[in-house]
Amino acid sequence: MSRNRFVALLAAVLAGTSWGQTLQDVMKARNLTQQDLLAAAKTYVPTGKRDDFIVFSSGGQSGQVIVYGVPSMRILKYLAVFTPEPWQGYGFDEESKKVLAEGSMNGKQITWGDTHHPAISETDGKYDGQFLFINDKANPRMAVIDLRDFETKQIVVNPVYKSEHGGAFVTPNSEYVMEAAQYAAPLESGYVPLDEFNDKYRGGLTYWKFDRGSGRIKPDESFSFELPPYSQDLSDSGKGPSMGWGFTNSFCSERYVGGIELGRPPFEAGCSAKDTDFLHITNWQKGAELVKAGKAKKINGHNVIPIDLAVKEGALFLVPEPKSPHGADVTPDGKFIIVSGKLDTHTMVYSFEKIQKAIADKKFEGKDPYGIPIIAMKDALQAQVELGLGPLHTQFDKKPCWAYTSLYVDSQVARWDYCQGKVLDKLSVHYNIGHLLTMEGDSVDPKGRYLIALNKLAIDRFNPVGPLHPQNHQLIDISGDKMQLLYDMPLPLGEPHYAVAISASTLKPGVRYKVGTNSRTDQKHPGAVRAGEEKIVRNPGKVEVFGTLIRSHITPEIIEVEKGDEVTINLTNLERAQDETHGFTVSGLNVHASIEPGKTVSVKFKAEKEGVYPYYCTEFCSALHLEMMGYFLVKPKGYVAKAGAAKAVEYTKADYEKQFKTNQDTQKVIDGVVAWITSTNFKDFPDAVALVEDATDQLKAAEEPKKKMEEAAKKEDWQNATLWAGQWWQYQVKAADIGLRAKTYLEQKGAKPTKK
Ligand code: K7E
Ligand code: CUA
C-alpha cells in the first residue's frame, strides 16, 4: 500500500467515517464514560478472535460445569456431568446413561448434583489441560471429564461418606484427587442414633487414585483417612516442599448435633461456639504405603486408614485455626497454607516448615479426643493478617507473595502480601463474594492478569427476571497497581462455587473421533458400521439397527418392528468435516443423541405401542437437513403386508432433463470456486484445507448416484433417473456450500494468489 493511501485510510478510521460514527458519538448516545470505554476495550474480543483463558466453573445445583472465555466472558459450553442434558444426549443415549448409572446411590439413579470445586489435572504442579475433576456435594461423588472431548467419562460414588464438600483438589501430578467429607456420619451404612455421635460418627478425607493412562479413577487403589466427626470442609494439596501432604480445614469441631425443635440452640450456634476449629494435616504418601502394606481396613469394600494407625505412623496432625474457617489454600511455592475464618477478621498464614519442625520435635500442645496430636497455633503460624470481614478463599498472583482473598461480609476482594503480612488494595464487588479465581491461580505457576469474583448475590446488577436472580461473575483487571472492575457477567445456571482458569493454548481438544468410537469408553463401538454396511438384524423379540448418518440422510430410512420388540438403534456419524454434528430422535419415545463426526451412539427402547413414529436429525446440518428423516413403524404382532410401496410423484423425461441441466449449471459454479481456491495459497490455512477435503468428499459421493442415474436413463426409467439426478445434485449443493465457505474464509484471512 502506498504511504499516502495508508495515511488516508488511518485518518478515515480515526475520524470514524467507516461506520459513520465516532467514539464520541457512541459515548454520548449510550451515556458511557471514558472508564467504561477502557473497560470495554479490555474485555472485548473482536468477532473471529479468541480468548486467552478458558474458565471451568462449577454449575452448582445444575450438576454441570460452565465453560467460558476470559476476558470476553463469553459462555462456550455447559458440560453435562451429574444431570441429564438433552442437547448432548446425556442421559438420553445408552452410552451416557451408563456413566450416569455409575453414580447411582441407595439403589436409586441420582439425576442431579451440587457441583462445587472443579480441578484441572496437573503435571509438576502446573495445569496440563488433560482432565477436569468435579465433586458433588449433595451426593458424595466425583466425576472425571476428559478435556480431549469435554465429555464426562466416569462418576465414582464415595463408598463411606453420606455427604462431602472438600473436593476436587489434585496432587501435583494428579496422582490423587482429594475429597473430604462434610457432615459427619457413620462410615458404614445403616442406622446409628445421634446419641452415639462422638463414638460412631466420623469424618474423612479420601484420596482417589487417578490413572492417567486410562483416564479413570481406580477405586481399588484409592483410600480414605478416617477423621474425627468434625465437619471437614475444603482441602488443598501440598506442593514443592510440602509435596506428599494435604491440608483440610473443618468447622463444628464442637461436635454439636442440633435439635432446634427440641428447644436446643440450632446448629449455627452450636457449631460456632468455640474460638477455634482444626486444620487437618494428612500425609498421603504414607497413606498410600499403609494401603500397599495391607494395613488399611475395609469399609464397604473401600480402604480406610483408621485414626489410631494414621497417628501411630505420623500421617495425621491437627492445628487450631480461626473460628468457622473456610478454605485452605497452599501458596504457589508450597511453603505456606492460608486459612481464613468466616467469623474472624484474620487470615492465618501457616508455615509448612514450622509445622514440620513441631512434628520433628514432637512439640504438641495436646491431643484431641481421638488421640490426634495438636500442634499449637503459635508454633505453626507465620503471620496473621487482618484483611476484613468474612474472609473466605484465597488465590495467587504471578507476582511473588501476592494473594487475593474474598471478603464475604465486606463484599470486597483484598489484595495482600503474605510474605510481609500487609494489605495492598481492596475492591468492592457485587455482592457477597464466595470463591474467587485468578488465572491458573492455584497452581505453582499463576498467570496473573485477571481475577474473577464469584458473587453469591447479584441483587440489582441486572435486568430483573423474577425472584430467582442470575449469578454474578465479575471480571477484574489485576495487572496494575489498582484492581479495576471490568465487567459483570450474569450466569443463568446453578450457583457456581469455585472455578478454575487455564491458558487457552494449553488445551488441545479434538474436532472429530476416530470413526466408530464410543466416546464414553474411548473404545470402538460394537454397533459401528461403515458406509454400505448398514443393516437391520432381527431376532425373536429384538431388533437391532446398525445405521449411519451423513449429510443429509439417515440410513436406514424405514425401520419396521413388531409390537413388543426391544429396539436398539446404533448410529455412526460418517462425517469427517469439523462441526458436522447430527442429532437423532424418534418422536414420542424420549430418546435423543448428539452424534459428532466419527462418534457412534445407540438408543434403546421398547416398542410398546403400535403406531407411526417419525425420526429425524435434530441439528441443522445442511440445506436438506429437514429431509434428514425416516419412519419408525410399530406394527401389530403377526401383521402381514399387503401391496407394494406407495408411489410418490411420477417423473417424466422432461423432469429428468431439467434436473440434468441444473446439475450441469451447478457443476460450473463448483468448478469456478475450485479454480479460485486452488489459485491461492489455501494450503497455508489448515481450516481451509479441511473444508476443501470435505467438499472433495461430497463430490466423490456424488459419483455413485450419477452412475445410477445414467443406468436408469439408459433404460428410459425416467422415475429413477430423475430421483438419482436429484441425489447427485444434493451432493453438488453440499460441495458448493462448503466450497463457498472455504472461499469466504480465505478471503477474510487474506489468502494470496500463488504465482504460476
Ligand atoms: Cu466456599 Cu463449596 Cu468452596 Cu461455596 S464453597 S463459596
Ligand atoms: Cu443431520 Cu440435520
For region 148-159, which residues satisfy the criterion of being surrounded by fewer than 24 Cβ atoms within 10 Å (Cβ to Cβ) and in a loop (DSSP other than H, G, I, E, B)? Arg148, Asp149, Phe150, Pro159
If a residue has to be away from ligand 1 (no atom under 12 Å from the Cβ) and not hydroxyl-bearing (Ser, Thr, Tyr) to count, how many in region 322-340 make the cut? 11
Exactly one of Ala690, Ala735 is under 43 Å from the mean Cα position of the chain (by Cα) and under 17 Å from Ala623 (Cα atoms), and that residue is Ala735
Any residue at all in region 535-554 that is in a loop (DSSP other than H, G, I, E, B), modelled with pLDDT of 95 or more and acidic (Asp, Glu)? no
Please pick out the residue among Glu268, Glu261, Glu254 that is over 34 Å from the mean Cα position of the chain (by Cα), under 17 Å from Tyr230 (Cα atoms) and of a type outside the set (Val, Ile, Thr). Glu254
Write out, first by first residue and then by second, each pair whose Cβ atoms fall under 9 Å of each other, whose residues are 6+ apart or on separate chains, and whose first residue, in region 438-458, is within 15 Å of ligand 1 (Cβ to nearest atom) while the second is of a type in the set (Asp, Glu) and outside any strand (DSSP E or B). Gly441/Asp397; Lys456/Glu495
Single condition Leu485 does not satisfy, out of (1) in a strand (DSSP E or B); (2) within 16 Å of ligand 1 (Cβ to nearest atom): (2)
For a quick check of your reading of the model, give me the residue pairs whose first member lies in region 557-570 and is more than 12 Å from Val586 (Cβ to Cβ), whose second is modelled with pLDDT under 95, with beta-carbon atoms closer than 6 Å and at least 6 apart or on different chains. Glu562/Lys637; Lys563/Lys637
Looking for something in contact (Cβ under 8 Å) with a residue 60 or more places away in the chain and surrounded by fewer than 17 Cβ atoms within 10 Å (Cβ to Cβ) - is there at least one such residue anywhere in region 711-718? yes
Identity of the residue in region 173-193, under 15 Å from Pro118 (Cα atoms) and away from ligand 1 (no atom under 16 Å from the Cβ), that ends up surrounded by the fewest Cβ atoms within 10 Å (Cβ to Cβ): Ser174
In contact with a His (Cβ under 9 Å, 6 or more places away or on another chain), among the aliphatic types (A, V, I, L, M) and not in a strand (DSSP E or B): which single residue out of Leu457, Leu468, Leu389 fits that description? Leu457
Which one of Phe278, Phe352 is within 22 Å of Gln420 (Cα to Cα) and surrounded by 23 or more Cβ atoms within 10 Å (Cβ to Cβ)? Phe352
Determine which single condition Ala504 fails, assuming it passes every other condition in (1) of a type outside the set (D, E, K, R); (2) touching a Leu at 6+ places or on another chain (Cβ under 9 Å); (3) away from ligand 1 (no atom under 16 Å from the Cβ). (2)
Residue ID - farthest from ligand 1 (Cβ to nearest atom), chosen from residues in region 536-555 that are within 17 Å of Lys604 (Cβ to Cβ) and charged (D, E, K, R): Arg538
Lys354 versus (1) farther than 27 Å from Glu122 by Cα; (2) more than 34 Å from the chain's Cα centre (by Cα); (3) outside any strand (DSSP E or B): which is the lone unmet condition? (1)
Name the single residue that is nearest to Gly388 (Cα to Cα) among those in region 422-454 being among the β-branched types (Val, Ile, Thr) and part of a strand (DSSP E or B). Val423
Pairs only if they're at least six apart or on different chains, beta carbon under 8 angstrom, first in region 675-689 and closer than 11 Å to Gly750 by Cα and modelled with pLDDT of 90 or more, second assigned to a loop (DSSP other than H, G, I, E, B) and not aliphatic (A, V, I, L, M); list them, first residue then second. Thr680/Lys752; Thr680/Thr754; Asn681/Lys752; Asn681/Thr754
Inspect region 636-658 for any residue being away from ligand 1 (no atom under 16 Å from the Cβ), of a type in the set (Asp, Glu), free of Cβ contacts under 8 Å to residues at least 40 places away in the same chain and in the same structural domain as Gln732 (by TED's automatic domain parsing) and give the result as yes or no. yes
Options Leu589, Leu624, Leu571, Leu633: the member that is more than 16 Å from ligand 1 (Cβ to nearest atom), closer than 18 Å to Gln698 by Cα and among the aliphatic types (A, V, I, L, M): Leu624
Pick from Gln384, Gln356: which is under 22 Å from Thr171 (Cβ atoms) and away from ligand 2 (no atom under 16 Å from the Cβ)? Gln356
Just to be sure, is Met105 over 30 Å from Gly750 (Cβ atoms) and surrounded by fewer than 17 Cβ atoms within 10 Å (Cβ to Cβ)? yes
Those residues of region 218-237 which are surrounded by 23 or more Cβ atoms within 10 Å (Cβ to Cβ) and within 25 Å of the chain's Cα centre (by Cα) amount to Ser222, Asp233, Leu234, Ser235, Asp236, Ser237
Residues within region 561-612 that are within 15 Å of Val543 (Cβ to Cβ) and part of a strand (DSSP E or B), tallied: 15
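The values are calculated or read from the model by the stated rules, or taken from the named source; none is laboratory data. Quantities reported herein were computed from a predicted structural model and do not represent experimental measurements. Every residue, glycine as well, gets a Cβ built from its backbone with ideal geometry; the counts of neighbours run over all protein chains shown.
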